[in-house]
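Quick notes on the structure that follows.
The values are calculated or read from the model by the stated rules, or taken from the named source; none is laboratory data. Keep in mind that what you see is a predicted model, and the values were worked out from it rather than measured. With ideal geometry, Cβ positions are generated from the backbone for all residues, glycine too; neighbour counts draw on all protein chains shown.
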Amino acid sequence: MAIKVNLDLMLVKRDMTLTQLSEEVGVTISNLSILKTGKAKAIRFSTLNAICDALDCQPGDILEYEASDNNN
């Protein structure tokens, strides 16, 4: 199982750069980049709230669950 981050898609839909989002939510560009590339291990609800507010979207627009192919 994996959580896929669709932040890049939302940025394109909202015609916003990572730098603009960083300035609006108060999170460093490097931390947003880690999230955008799917390398983040966690995200604070306050950060997710700020991102959703800035992008006018729902958490489900940014985060997506993908089931693994394992049959455990």
Problem set entry | Subset tally (residues that are outside any loop (DSSP other than H, G, I, E, B) and exposed (fewer than 14 other Cβ atoms within 10 Å of the Cβ)) for segment 32-45 | 1
Seminar exercise, completed: Selection from segment 46-72 of residues without any contact (Cβ under 8 Å) to a residue 40 or more places away in the chain, of a type in the set (A, V, I, L, M, F, W, C) and either assigned to a loop (DSSP other than H, G, I, E, B) or under 16 Å from Asn6 (Cβ atoms) (or both) yields Leu48, Cys52, Ala54
Seminar exercise, completed: Out of (1) touching a helix residue (DSSP H, G or I) at 6+ places or on another chain (Cβ under 8 Å); (2) surrounded by 13 or more Cβ atoms within 10 Å (Cβ to Cβ); (3) of a type in the set (Val, Ile, Thr), the one Thr17 does not meet is (2)
Exercise. Looking only at segment 1-32, which residues are small (Gly, Ala, Ser), modelled with pLDDT of 95 or more and closer than 27 Å to Ser68 by Cβ?
Worked result: none
